[in-house]
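Peer 1: There's a structure below that I have some questions on.
Bear in mind that the values in this text are calculations on the coordinates, not laboratory data. These numbers were taken from a predicted model, which means no experiment stands behind them. Positions of Cβ are backbone-derived with ideal geometry, glycine not excepted, and every protein chain shown enters the neighbour counts.
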Amino acid sequence: MKQRLKDLKTPLHVVCENGKRRIAEMLLDRNAKVNIRDKAGHTPLYLASLKGCTEIVELLIQHGADVNIADNKGRTPIFVACERKQTEIAKLLLNYNANTLIDNEDGKHPIHCCCEVGSSEITELLLSHGVDINQRDSHKSTPLHWACRKGHELIVKILLDNNADVSLPNRNRDTPLHIACEKGYLNIIKILLENNADVSLPNRNGDTPLHIACENGYLNIIKMLLKYKANVNCTNIYKKTPLHLACTHCLHEAVSLLLLHGADASAKDIQSTTPLHLACFSGNKIIVEELCKHGVVVDETEKYGRTPLHICCEQGNLNLIPILLQHGGDINKMENENLTPLYIACRDNKIDIIKLLISFGAKLNETDKGGWTPLYLACNESNLEMAKTLIANGANVNKADNDGITPLHLTAQAGNTDLTKLLLKRKTFVNMVEKFGQTPLFKSISGIHKDITEMLLQNGASVNVTDKFGMTPIRLALQKKDNEIINLLQYNNVE
């Protein structure tokens with residue numbers, strides 16, 4: 001009887017674990033230690049409870065088993081009975097003064113475990129033994145929180161019938177209603193609301209149950225919360241309303257419901273983003289149309305000065321652009337860095353959007369803070385199709401940036417023959433100088449681009465110009481040791 005296995009189990013542990021009542025009785029009659037613990041801290045009583053052997057549990061208790069010895073994880077036999085829904089064993093343990101106030105390593109009490117696993121009978125049993133119905137675990141969650149989290153409708157009813165606090169918040173300030181809304185348990189939500197749950201109480205992030213329902217896309221729950229007069233314009237710590245979240249997640253039916261119940265369609269969050277910005281980001285045409293019909297200002301700007309039209313261009317949402325423009329959107333409005341919607345479309349190589357904006361009359365020569373035009377962008381990225389589109393519609397081929405660099409400087413330096421040809425066909429000024437006094441010819445020679453050098457010379461490029469450092473095209477060609485370019489310059493009467 002004193003022999004123990006590697007896991008420190010005694011013969012009594014083994015027979016209790018395997019439900020051998022007669023052998024257990026024999027060992028106990030021979031004075032087997034009834035409260036001895038194995039390596040995991042389990043007593044024979046714990047293992048008998050785990051196995052569900054009511055008779056052995058009773059036998060062990062009659063032989064002096066301590067019902068409140070915890071294992072290494074802080075769990076006593078009553079925890080096991082609750083988790084395994086062993087009602088008869090729970091009755092026995094409670095009749096022998098099992099401690100219901102003890103908590104395990106997770107900070108839960110036995111009643112929390114019952115509500116988590118859905119053991120309604122033991123829940124009622126614990127309550128009949130005076131357990132605090134609002135007992136908190138280490139996260140300040142009550143039994144009602146756990147029943148709502150796991151969707152145990154019957155236990156929710158039992159707890160509320162026994163006067164559980166329906167709106168008590170946990171550590172995160174979530175009420176049971178928050179939890180039920182997060183999990184999508186419509187019937188439980190109905191029960192909570194019928195028991196006067198606070199429908200608009202915010203949690204630590206400022207989210208109300210309506211925020212949670214919109215975040216998770218539960219339309220039926222949104223309807224129910226609105227029926228119980230949820231505040232549609234409450235804001236969380238990010239100043240987002242439920243409408244912001246519905247637009248983010250493309251919930252067009254929810255958007256309609258919220259607007260019908262008085263949601264502010266122009267509300268701004270902490271970054272000054274409106275629901276329309278978010279709908280344009282998500283690309284939902286139905287929501288964008290509904291918000292526009294609702295009379296929102298389509299040119300509202302957010303933190304970075306972007307309008308919904310800027311957002312559409314960034315995201316490539318072509319089908320939304322006409323809607324915004326038809327409702328008064330400013331096609332040339334600049335954001336904080338002086339970028340127009342057309343500039344953004346060019347920057348992100350959205351050729352279909354570029355063509356659409358041009359068809360609606362977008363200005364082609366607006367510049368950013370560095371003086372870059374959309375055409376400058378196209379040339380800088382060597383994008384021939386974009387450059388053709390812009391030039392065909394009247395883009396200024398000679399507009400220089402803040403450093404005096406023109407599109408021709410860029411194509412000459414990059415060695416892009418096709419783009420250079422395109423620019424020269426449009427009577428581009430070949431001798432414009434940038435801030436260091438260099439013409440496009442300097443750039444083509446520097447890059448040793450013979451074909452472009454020849455094109456520039458054929459179109460009137462001056463071979464005898466001097467930059468601010470005293471450098472001339474011929475000196476630069478000599479530095480580069482390119483005989484073909486040197487010969488070209490000499491043929492064109494270089495001094």
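Peer 1: Might you check whether a residue that is in a helix (DSSP H, G or I) and of a type in the set (Asp, Glu) occurs anywhere in the stretch 149-156?
Peer 2: Yes, that holds for at least one residue.
Peer 1: Residues in the stretch 118-142 that are under 19 Å from LEU193 (Cβ atoms) and either part of a helix (DSSP H, G or I) or touching a Phe, Trp or Tyr at 6+ places or on another chain (Cβ under 9 Å) (or both): how many?
Peer 2: The total comes to 0.
Peer 1: When you go through LEU226, LEU186, LEU159, LEU168 one by one, which is the residue that is in contact with a helix residue (DSSP H, G or I) (Cβ under 8 Å, 6 or more places away or on another chain) and crowded, with 24+ Cβ neighbours inside 10 Å?
Peer 2: Answer to the selection: LEU159.
Peer 1: Just one of LEU309, LEU291 is surrounded by 15 or more Cβ atoms within 10 Å (Cβ to Cβ), farther than 23 Å from GLU253 by Cβ and touching a Leu at 6+ places or on another chain (Cβ under 9 Å); which is it?
Peer 2: LEU309
Peer 1: Does at least one position in the stretch 462-471 carry a residue that is part of a helix (DSSP H, G or I), buried (at least 17 other Cβ atoms within 10 Å of the Cβ) and in contact with a helix residue (DSSP H, G or I) (Cβ under 6 Å, 6 or more places away or on another chain)?
Peer 2: Within the stretch 462-471 (the criterion being part of a helix (DSSP H, G or I), buried (at least 17 other Cβ atoms within 10 Å of the Cβ) and in contact with a helix residue (DSSP H, G or I) (Cβ under 6 Å, 6 or more places away or on another chain)), the answer is no, since none of the residues qualifies.
Peer 1: Return a yes/no flag: does the stretch 234-245 have any residue that is closer than 27 Å to LYS108 by Cβ and hydrophobic (A, V, I, L, M, F, W, C).
Peer 2: No: zero hits.
Peer 1: Among the residues of the stretch 59-99, which ones are of a type in the set (A, V, I, L, M) and closer than 19 Å to CYS114 by Cα?
Peer 2: VAL67, ALA70, ILE78, VAL80, ALA81, ILE89, ALA90, LEU92, LEU93, LEU94, ALA98
Peer 1: Same structure, new question: List pairs: first residue in the stretch 7-33 and free of Cβ contacts under 8 Å to residues at least 24 places away in the same chain, second residue of a type in the set (Gly, Ala, Ser) and part of a loop (DSSP other than H, G, I, E, B) anywhere in the structure, Cβ distance under 8 angstrom, at least six positions apart or on different chains.
Peer 2: PRO11/ALA32
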